[in-house]
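J.: Before anything else, here's the structure in question.
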Ligand SMILES: Cc1cc2nc3c(=O)[nH]c(=O)nc-3n(C[C@H](O)[C@H](O)[C@H](O)COP(=O)(O)OP(=O)(O)OC[C@H]3O[C@@H](n4cnc5c(N)ncnc54)[C@H](O)[C@@H]3O)c2cc1C
C-alpha cells in the first residue's frame, strides 16, 4: 500500500489525510503541537478545563463561499451558529461622522478605481476622491482584515477584503476546532501529536522523514507547515532556487486576539477602532442569545506592536474599556492570544503584498518529486482562510492520488 506522511495537523493537513484514508492510502500525520487544529484553536474563556463560553483564539468567521468547510462540517455532523452580526460591516470609532454607508460607498469607489498590478492599497486609496476620515476607516478595515499595512498590501486584496456589505457570518457552534478534532478522531492512531518533523530527505521515489522517535520511510509527503517554517525547513536536497525565491517574496501577516467576559447582557455589535487598528464584536451563539464575551482582533504588525502585549493584557484591556464604555467588561478575565510568538505559526496568515509576483504561489506549490504542498499560503484567492487551508489539503491529496494511483 502507498505510504504517505502528512506534516502538520492543521485544517490543510487533516483534510489531506482524511481524503487519502477515504481512498485507501496508508497515512500517518505528524504534528509538532500537543493538539490538532493549528491556527484554529477553540477553548472556554476560563481555560482549557473551564465551563465558560468557547472563544476562538485563532480563526473565527465562516464566511461567504466556504463550500468545502460546510461540506466537512456536514460530514462530521457539526453545526454552524449564526453570529447575529456581520463580519463585513463595522461601526468606525475615533473618526468624525463616518457611517457604515459612507464606508460601503468609499469601498465601491476604491474597488472601481483604475489600478496597476504594482499598486498598493495605500496608493489607490490616496488617489480616490473620498473624505480623509472615510478613507482612513476603509484603510484601517482592509489593514486589519489582511493583517498587514496598506502601503505594502497588493491592491488586489480589495477584491477579497474589500466587501463592506452586510452578509450573515457564522462560527462552528461547538468551536471551530471541533472540526479538527472530529477529523483527528476519524484518523485515530494515524495522528501523532508532539511529533515535530525535523527534516525530510526526498527524491522521486520516496522520502525519509525524521522525527524525535524514529525515521519514517514513505512513498510521498504532504507538507503543510506555515510559511516562515517552510523557508527554513531542512529538505535534503534543498528546494530549487525558484521555489525559494517565490517563498521569500511571500509574506506572513500578524494578528492578536483578546477576549473579555461581560458582566451584563449586551446586544450584538461590531466596532472598528480606526486609530488602534483593531475591531471588536459581540455575537450570538447557537441558541440565538448574545454570548457574554467581547471578542477583539488586532491585525497587522503595526497594530499588534502598539498593544504592548509583551507586558500583559492591561494596555489593550484598558483601551477596550474606553472604546466599549457601553459594555460592562470584567477586565480581570481578559485572555490575550498572540501569533507572532507562537513557535509553530510565527505569524497569523499570508498577506498578499506588492513584493509577491503573479505566479509565485503556483511556482511554490507544484508537486516536486514525492513532495506535495498544502496550507493556507498555497490557496491563492483563498489564502489566509480556513476555507483555503481545507481546499489546499484536498487539492494536494488529489495531486498525489493522480500521480500515485492505488493498484
Ligand atoms: C488570529 C487569527 C484569526 C483568523 N481568523 C480567521 C477567520 O476569521 N476566518 C478564517 O477563515 N480564517 C481565519 N484565520 C486563518 C486560519 O486560521 C488559517 O488560514 C488556517 O487555519 C491555516 O491552516 P493550515 O493547515 O494551513 O495551517 P496551520 O493551522 O498553521 O497548520 C499547520 C500545522 O503544522 C504544524 N507544524 C509546523 N511545523 C511543524 C513541524 N516541523 N513538524 C510537525 N508539525 C509542524 C503546526 O503546529 C500546525 O498545527 C485566522 C488566523 C489567525 C491566526
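J.: Just to check your reading of the model, which residue among 307, 294, 331 is in contact with a helix residue (DSSP H, G or I) (Cβ under 8 Å, 6 or more places away or on another chain), within 16 Å of the ligand (Cβ to nearest atom) and more than 26 Å from residue 251 (Cβ to Cβ)?
T.: Working: 307 fails: more than 26 Å from residue 251 (Cβ to Cβ); 331 fails: within 16 Å of the ligand (Cβ to nearest atom).
After applying the criteria, what remains is 294.
J.: Could you run through the stretch 232-248 and say how many residues are touching a residue at least 60 places away in the same chain (Cβ under 8 Å), surrounded by 15 or more Cβ atoms within 10 Å (Cβ to Cβ) and in contact with a strand residue (DSSP E or B) (Cβ under 8 Å, 6 or more places away or on another chain)?
T.: Residues in the stretch 232-248 being touching a residue at least 60 places away in the same chain (Cβ under 8 Å), surrounded by 15 or more Cβ atoms within 10 Å (Cβ to Cβ) and in contact with a strand residue (DSSP E or B) (Cβ under 8 Å, 6 or more places away or on another chain): 3 in total.
J.: Just to be sure before I move on: is residue 77 within 19 Å of residue 179 (Cα to Cα), at pLDDT 95 or above and either more than 15 Å from the ligand (Cβ to nearest atom) or in contact with a strand residue (DSSP E or B) (Cβ under 8 Å, 6 or more places away or on another chain) (or both) in the structure I sent? First the steps, then the outcome.
T.: Working: within 19 Å of residue 179 (Cα to Cα): yes; at pLDDT 95 or above: yes; either more than 15 Å from the ligand (Cβ to nearest atom) or in contact with a strand residue (DSSP E or B) (Cβ under 8 Å, 6 or more places away or on another chain) (or both): yes.
Against the criterion (within 19 Å of residue 179 (Cα to Cα), at pLDDT 95 or above and either more than 15 Å from the ligand (Cβ to nearest atom) or in contact with a strand residue (DSSP E or B) (Cβ under 8 Å, 6 or more places away or on another chain) (or both)), residue 77 qualifies.
J.: Let me ask you something else. So which of 7, 29, 21, 36 is away from the ligand (no atom under 13 Å from the Cβ), at pLDDT 95 or above and assigned by TED's automatic domain parsing to the domain that holds residue 195?
T.: Values: 7 fails: away from the ligand (no atom under 13 Å from the Cβ); 29 fails: away from the ligand (no atom under 13 Å from the Cβ); 36 fails: away from the ligand (no atom under 13 Å from the Cβ).
Matching residue, one of 7, 29, 21, 36: 21.
J.: Still on this model: In the list 98, 124, which residue meets the criterion of being in a helix (DSSP H, G or I), away from the ligand (no atom under 13 Å from the Cβ) and either at positive phi or more than 25 Å from the chain's Cα centre (by Cα) (or both)? It would help to see each step written out before you state the result.
T.: Numbers: 98 fails: in a helix (DSSP H, G or I).
Going through 98, 124 in turn, the sole match is 124.
J.: Scan 327, 331, 400, 390 and give me the residue that is part of a helix (DSSP H, G or I) and in contact with a strand residue (DSSP E or B) (Cβ under 8 Å, 6 or more places away or on another chain).
T.: Checking each option against the conditions leaves just 400.
J.: Mind telling me which of the residues 33, 71, 39 ends up being under 20 Å from the mean Cα position of the chain (by Cα) and more than 30 Å from residue 216 (Cβ to Cβ)?
T.: Selected residue: 71, the only one of 33, 71, 39 that is under 20 Å from the mean Cα position of the chain (by Cα) and more than 30 Å from residue 216 (Cβ to Cβ).
J.: OK, next. Could you say which residue among 16, 59, 92 is within 30 Å of residue 334 (Cα to Cα) and under 18 Å from the mean Cα position of the chain (by Cα)?
T.: Sole residue among the options that is within 30 Å of residue 334 (Cα to Cα) and under 18 Å from the mean Cα position of the chain (by Cα): 59.
J.: Given the conditions (1) crowded, with 22+ Cβ neighbours inside 10 Å; (2) assigned to a loop (DSSP other than H, G, I, E, B), report the number of the one that residue 212 does not fulfil.
T.: Looking at each condition in turn, residue 212 falls short on (1).
J.: Going by the conditions given, is residue 105 in a helix (DSSP H, G or I) and closer than 30 Å to residue 80 by Cβ?
T.: So residue 105 does not fit the description; no.
J.: Any residue at all in the stretch 167-175 that is modelled with pLDDT under 95, under 25 Å from the mean Cα position of the chain (by Cα), assigned to a loop (DSSP other than H, G, I, E, B) and more than 21 Å from residue 391 (Cα to Cα)?
T.: Within the stretch 167-175, one or more residues are modelled with pLDDT under 95, under 25 Å from the mean Cα position of the chain (by Cα), assigned to a loop (DSSP other than H, G, I, E, B) and more than 21 Å from residue 391 (Cα to Cα).
Table: residues versus (1) within 25 Å of residue 235 (Cβ to Cβ); (2) outside the structural domain of residue 232 (by TED's automatic domain parsing); (3) in contact (Cβ under 8 Å) with a residue 12 or more places away in the chain; (4) over 19 Å from the mean Cα position of the chain (by Cα).
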position: 304; (1), (2), (3), (4): no, yes, yes, no
position: 327; (1), (2), (3), (4): no, yes, yes, yes
position: 377; (1), (2), (3), (4): yes, no, yes, no
position: 394; (1), (2), (3), (4): yes, no, yes, no
position: 397; (1), (2), (3), (4): yes, no, yes, yes
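J.: Would it be correct to say that residue 85 is surrounded by fewer than 23 Cβ atoms within 10 Å (Cβ to Cβ), within 16 Å of the ligand (Cβ to nearest atom) and within 22 Å of residue 385 (Cα to Cα)?
T.: yes
J.: Residues 380, 369, 375: which one is within 26 Å of residue 60 (Cβ to Cβ) and at pLDDT 95 or above?
T.: Of the residues listed, the single one that is within 26 Å of residue 60 (Cβ to Cβ) and at pLDDT 95 or above is 375.
J.: Condition check: surrounded by 17 or more Cβ atoms within 10 Å (Cβ to Cβ), at pLDDT below 95 and within 16 Å of the ligand (Cβ to nearest atom). Does residue 345 satisfy that?
T.: When the stated conditions are applied, residue 345 does not pass them.
J.: Please go through the stretch 199-248 and pick out each residue that is under 19 Å from the mean Cα position of the chain (by Cα) and away from the ligand (no atom under 14 Å from the Cβ).
T.: Matches in the stretch 199-248: 247 only.
J.: So, in the stretch 365-377, of the ones that are out of contact with any strand residue (DSSP E or B) (no Cβ under 7 Å at 6 or more places or on another chain) and within 15 Å of residue 244 (Cβ to Cβ), which residue ends up surrounded by the most Cβ atoms within 10 Å (Cβ to Cβ)?
T.: 368
J.: Additional query: Does at least one position in the stretch 319-329 carry a residue that is under 27 Å from residue 376 (Cα atoms) and at pLDDT 95 or above?
T.: No, the conditions are met nowhere in the stretch 319-329.
The values are calculated or read from the model by the stated rules, or taken from the named source; none is laboratory data. The shown structure was predicted, so the numbers you read here are calculated from the model rather than taken from an experiment. As a convention, Cβ positions derive from the backbone with ideal geometry for all residues, glycine included, and neighbour counts pool all protein chains shown.
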